[in-house]
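The values are calculated or read from the model by the stated rules, or taken from the named source; none is laboratory data. The shown structure was predicted, so the numbers you read here are calculated from the model rather than taken from an experiment. Note that each Cβ is placed from the backbone with ideal geometry, even for glycine, and that neighbours are counted across all protein chains shown. To get the accessible areas, we keep the full protein, side chains included, count just its heavy atoms, and leave off ligands, DNA and RNA. Shrake-Rupley method; radii C 1.70, N 1.55, O 1.52, S 1.80 Å.
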Amino acid sequence: MKRSSTSAAAEVSAAADVSADAAAVSADAAGNGFAAAGGAGQGASQGEPADRLEAHRTELTGYCYRMLGSAFEAEDAVQETMVRAWRSYDRFEGRASLRSWLYRIATNVCLDQLKGSRRRARPMDLASPSSVDTPIGTGLPETTWIGPVPDQRVLASAGDPAETAVARESVRLAFISALQRLAPRQRAVLILREVLSWSASEVAELLGSSVASVNSALQRARATLAASADAAEEPPRPLDDAQEALLRRYVDAFERFDMDALTAVLHEDSTLSMPPYALWLRGRDDILKFLRGPGCGCAGSRLVPVAANGRPAFGQYRADGLPWAVQVLDLADGRVTALNSFLDTERLFPLFGLPLRYGGPPPA
């Protein structure tokens, strides 16, 4: 379940190398390339090129996350997009908008990254629900799973309420899972057309294709999603007072490990999943049996609120103060309908800005 110290150290080293490369690119850009490119058909009033590129980072990360299903792969793809954009900026003459140009680069990066890779999934995409008596088994590789993403990495902090609602819906775990069933180019077409509201001609230009080909790909993608129960799940909405109260009851019940109180907040058909394990459970009774048995180590846990995939979420710390999971909840009908627990804490807790040891509740 946990990564080895050697693996973790390698990832930290790799991350440091990426950061160093990014810093070198930024310094080089500030010193010469961007300064020279700034006058290439743009005008000083439009801001420094580095700032203009960086202004699109959040939406590009959201796009790449929808394409790839991994927050870490999405951030790598956006970093590669920024590097390619900087290196080519002196040849960008403004014939298209900067945003369209960046999306073209990001799409090519994602399509390259998806070549030969298997689609990411959730445990419920791979097998029928397990029983409480099923052995947990051995964790599968990280590349198997759709992972969570912090809202602030992929959702704009302000904007049109209708656009914000669409953006929140399009990063929920179930929708990301449904997108993974599409061929990569169909995935790009559907995201650009249905989520980002690009016209067919704009998408055709981006992909170097025809409008007829784009419309055909969109039709096939819609048919695939229509056959997916995941895509038909209730979309997320801003939390109302009743849902806020439900979350408070859930936190109280979980932290006290009160099975009767958890019974009152879990939907009778709720699910529990725990990547990197393939095992998942359906039904409140089985979930509670699991918590009383194999999951009894969760007693005494503390939950720290975060926001992930347009849904309420928590960083879960065990009684000894060490991290255990990032929980992403689904809510419907006044109950918790899904508890998605992601156990790769060595990478996920830093991603969500959570400390690797519990230090008490966050300031009010």
Item to check | Single condition Thr144 does not satisfy, out of (1) touching a residue at least 12 places away in the same chain (Cβ under 8 Å); (2) loosely packed, with under 11 Cβ neighbours inside 10 Å | outcome: (2)
Checklist entry - Can you name the residue in segment 118-134 that is touching a residue at least 24 places away in the same chain (Cβ under 8 Å) and open to solvent by 60 Å² or more (accessible area, probe 1.4 Å) and, of all such residues, is nearest to Ile191 (Cα to Cα)? => result Arg119
Checklist entry - Hey, any hits in segment 332-355 for a residue that's modelled with pLDDT under 95 and closer than 30 Å to Glu59 by Cβ? => result yes
Item to check | Pairs where the first residue, in segment 196-215, is under 14 Å from Tyr103 (Cβ atoms) and open to solvent by 70 Å² or more (accessible area, probe 1.4 Å) and the second is outside any helix (DSSP H, G or I) and at pLDDT below 95, C-beta under 8 Å, 6+ apart | outcome: Glu205/Ala96
Item to check | Checking Ala96 against (1) surrounded by fewer than 19 Cβ atoms within 10 Å (Cβ to Cβ); (2) out of contact with any helix residue (DSSP H, G or I) (no Cβ under 6 Å at 6 or more places or on another chain); (3) in a helix (DSSP H, G or I); (4) in contact (Cβ under 8 Å) with a residue 40 or more places away in the chain, the condition it does not meet | outcome: (3)
Checklist entry - Restricting attention to segment 153-173, which residues are modelled with pLDDT of 95 or more, within 17 Å of Thr58 (Cβ to Cβ) and assigned to a helix (DSSP H, G or I)? => result Arg153, Val154
Checklist entry - Going through segment 47-71 one residue at a time, which ones are open to solvent by 40 Å² or more (accessible area, probe 1.4 Å) and assigned to a loop (DSSP other than H, G, I, E, B)? => result Glu48, Ala55
Item to check | Hits in segment 157-176 (condition: open to solvent by 30 Å² or more (accessible area, probe 1.4 Å), touching a residue at least 40 places away in the same chain (Cβ under 8 Å) and either within 16 Å of Ala308 (Cβ to Cβ) or polar (S, T, N, Q) (or both)) | outcome: Arg168, Glu169
Checklist entry - In the list Leu303, Leu331, Leu351, which residue meets the criterion of being out of contact with any strand residue (DSSP E or B) (no Cβ under 6 Å at 6 or more places or on another chain), among the aliphatic types (A, V, I, L, M) and surrounded by fewer than 21 Cβ atoms within 10 Å (Cβ to Cβ)? => result Leu351
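Matching residues to (1) polar (S, T, N, Q); (2) under 24 Å from Val171 (Cβ atoms):
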| position | (1), (2) |
| --- | --- |
| Arg52 | no, no |
| Thr58 | yes, yes |
| Tyr63 | no, yes |
| Arg87 | no, no |
| Ala106 | no, yes |
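Results for (1) in a loop (DSSP other than H, G, I, E, B); (2) touching a Lys or Arg at 6+ places or on another chain (Cβ under 9 Å); (3) closer than 25 Å to Asp133 by Cβ, shown as yes or no for each residue.
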residue: Leu247; (1), (2), (3): no, no, no
residue: His267; (1), (2), (3): no, yes, yes
residue: Ser270; (1), (2), (3): no, yes, yes
residue: Ile287; (1), (2), (3): no, no, yes
Next on the checklist: Just to confirm my filter: which helices (runs of 4 or more DSSP H) fall fully inside segment 174-229 and include at least 3 residues that are at pLDDT below 95 and within 30 Å of Thr337 (Cβ to Cβ)?
Outcome noted: 211-226
